[in-house]
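Asker: Just passing along the structure, written as structure tokens.
The values are calculated or read from the model by the stated rules, or taken from the named source; none is laboratory data. Here the structure is a predicted model, which is why all the values come from computation and not from measurement. Please note: Cβ atoms are built from the backbone with ideal geometry, for glycine as well, and neighbour counts cover all protein chains shown. Only protein heavy atoms, including side chains, enter the accessible area calculation; ligands, DNA and RNA are left aside. Shrake-Rupley method; radii C 1.70, N 1.55, O 1.52, S 1.80 Å.
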Amino acid sequence: MKNSDKYSFINNLLDKPNLNAHQEKKIIQLALKEIEKGSFIDKDLEKRVEKLEQKLSEKSSNMEGESNGSDGKGGKNHFINHDPETVYKVLQSFKIHDLKNLYAFKYLVHGLDLEDFDFQEYLKKSESDFKSLKNIPIVLYKNLEALIYSYKIFSDDIIKVHGCHPFEYNQKITIDEAYKEKLKHLFGGGNPYKKDHYNNFNTAIQRFKTKYRFDTTAGNSEASNLKTFLVNIFKYNTYTDENHVAHSFSKDRATDGTLFNENQFDFSELKEENFMVWNPPLKQFLKWIAYGILQHSNINGKRPFNSSEKKIVFRSYKSMSIRKNENDYIILEILDKDSQILKGKNNFIDFLNDEVKQLKSVCDLEVSFTANNNNHYKHFKASILPYKKHVQLPKGENGLLYKFKILEKLAYEKNITN
């Protein structure tokens, strides 16, 4: 079968309604096999396959965890209530043990002297706190579940034989076949199980920390660098148009480098780079933004444009409320400078509402944009998460602006410390 025929065949399969889980899995396997072989360069197909994979994964999580408490409905992120305060408290509890209303999770990711500390009692409290969790992203839930489960399997023997917290035990552990599926979220693995999965608690937990912590001073082993995180997402995305021309900020991926290049990134306003946020869903949404820029970006409605005139601006700063009953935030902004929405504000907002589900309980999102309808310009601001009706503005933001509001301090913490 010719590649073009295979492409049409797979696309037709993807369009079939009412596919069961087994059929969806088979289509994913077929499509991924052809994509890995390099048969197709169309990123739209790859994106459709990724969405089907995510859908299938969510179904699987629902089947496995109906009573897991992650959202009361089996872990499907688009059904959970948007509750970033709870996730903030979870992430803070990895750092601080004694603040009011935080969970007993700190010593799951830190070592300590066990002479005056009953780790098994602490583990019971951690498990109880974990079981009470609701409205947290499913991947965070699965990582925490694997962390607690791994301690239940290994910690007793490590403490008795070696007298140390498992985090400080630097020997390899052997993960039996029966545990691999549940522990893969923390230690790596997959099907087939990868030989290079993490072999000890310290390495696995440090890698886990990079998923929720941005810090310029901690090093790459236990925190992510915000600028590097952003560059890797935007530089290594590729959009292939209907003429099979690949657009990318990376010169190695682009077949036409006239529109985009790495010099367009402006990080001069990236001021705050140390904060906590559960970043796997953020990463996926940023990929969607990067892909959309490569596909739709323009300068005042015109494309193609001179690449030297296009900038993608990355900003981060603190937004501190003067009122004690309001939260403080870290703001992360991404501005596609001078770009306009050409296909109608309602379509754009619908696209956003569909994609933003993965950010539930991670952070708030606000988008400002200029809609260009036959050279009639209107400027809007839309709160996408939590959802509020969009409002018209007297002037625009000089492009398409994504504004992420990441919790930095809760109001009750301000009342404690001030």
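Asker: Leaving out ligands, DNA and RNA, what percent of the accessible area of region 278-418 is carbon and sulfur, probe 1.4 Å? Could the numbers behind the result be given before it?
Answerer: Values: 3210 of 6890 Å².
Answer for region 278-418: carbon and sulfur cover 47 percent of the accessible area.
Asker: Further question: Figure the gain on full extension for Leu342 and Leu13 (residue separation times 0.36 nm, minus the Cα-Cα span) and round it to one decimal in nm.
Answerer: That pair, Leu342 and Leu13, stretches by 115.4 nm at full extension.
Asker: On to the next question. Compute the distance in nm between two label points, each set 7 Å from the Cα along the Cα-to-Cβ direction, one at Ile153 and one at Asp266.
Answerer: 5.0 nm
Asker: Calculate log10 I(q)/I(0) of region 293-374 for q = 0.11, 0.13, 0.19, 0.27 Å⁻¹, where I(q) comes from the Debye formula with a single equal point scatterer on each Cα and nothing for solvent.
Answerer: Calculated log10 I(q)/I(0) at the listed q: -0.41, -0.56, -1.00, -1.34.
Asker: Right, next: Once R0 is set to 25 Å, what does the formula 1/(1 + (r/R0)^6) return for the Cβ-Cβ distance between Glu326 and Ser250, expressed as a FRET efficiency to the nearest 0.05? All intermediate terms of the calculation are to be shown ahead of the outcome.
Answerer: Numbers: r = 41 Å, r/R0 = 1.64.
Step by step, r from the Cβ atoms, then E = 0.05.
Asker: Any idea how far the Cα center of region 341-355 sits from the one of region 202-216, in Å?
Answerer: Cα centroid to Cα centroid, the span is 34 Å.
Asker: Only Cα pairs under 8 Å and at least 6 apart count here; give the relative contact order of region 321-391 as a rounded whole percent. Don't skip to the end; give the middle numbers.
Answerer: On the way: 70 pairs, mean separation 18.3, N = 71.
Relative contact order of region 321-391: 26 percent.
Asker: Over region 112-212, what relative contact order in percent results from Cα pairs under 8 Å that are six or more residues apart?
Answerer: On the way: 77 pairs, mean separation 25.8, N = 101.
The normalised contact order for region 112-212 reaches 26 percent.
Asker: To continue, here is another question. Residues of region 220-297: accessible area per residue at 1.4 Å, in Å²? Could you put the intermediate results ahead of the total?
Answerer: Values: 3470 Å² over 78 residues.
For region 220-297, the solvent-accessible area averages 44 Å² per residue.
Asker: Mind ordering 232-244, 278-290 by average Cβ neighbours within 10 Å, highest first? Please report the intermediate quantities before stating the final value.
Answerer: On the way: 232-244: 16.7, 278-290: 19.3.
The most tightly packed comes first, giving 278-290, 232-244.
Asker: Using label points projected 7 Å from each Cα along Cα→Cβ, tell me how many nm separate Lys302 and Phe117, to one decimal.
Answerer: Label-label distance for Lys302 and Phe117, simple model: 6.3 nm.
Asker: Could you do me a favour and compute the accessible area per residue for region 103-177, 1.4 Å probe, result in Å²?
Answerer: On the way: 3720 Å² over 75 residues.
Heavy-atom accessible area per residue stands at 50 Å².
Asker: Would you kindly compute the Cα radius of gyration of region 166-281 and its largest Cα-Cα separation (Dmax), both in Å?
Answerer: Expressed in Å, the Cα Rg and Dmax of region 166-281 come to 18.8, 55.
Asker: While we're here: For region 309-418, with every protein chain kept in place, what is the accessible area per residue (1.4 Å probe, Å²)? Kindly include the intermediate steps, with their values, before the conclusion.
Answerer: Numbers: 5640 Å² over 110 residues.
On a per-residue basis, 51 Å².
Asker: Pop a pseudo-label 7 angstrom from the Cα along the beta-carbon direction at both Thr216 and Gln392 and give the gap in nm to one decimal.
Answerer: In this crude spin-label approximation the distance works out to 4.2 nm.
Asker: Next question, about the same structure. Of the heavy-atom accessible surface of region 105-234 (probe 1.4 angstrom), what whole percent is carbon and sulfur? Each step should come with its number before you reach the end.
Answerer: On the way: 2840 of 6500 Å².
Taking all protein chains in place, region 105-234 shows 44 percent carbon and sulfur surface.
Asker: What pairs in Lys106/Lys271; Lys95/Lys403; Lys89/Lys287; Lys283/Lys345; Lys134/Lys318 have C-alpha atoms more than 32 Å from each other?
Answerer: On the way: Lys106/Lys271 28 Å; Lys95/Lys403 26 Å; Lys89/Lys287 26 Å; Lys283/Lys345 25 Å; Lys134/Lys318 28 Å.
Over 32 Å apart, Cα to Cα: no pair at all.
Asker: Measuring from a point 7 Å past the Cα of Val231 along Cα-to-C-beta, which residues in region 257-299 have an amide N at less than 17 Å?
Answerer: 261-274
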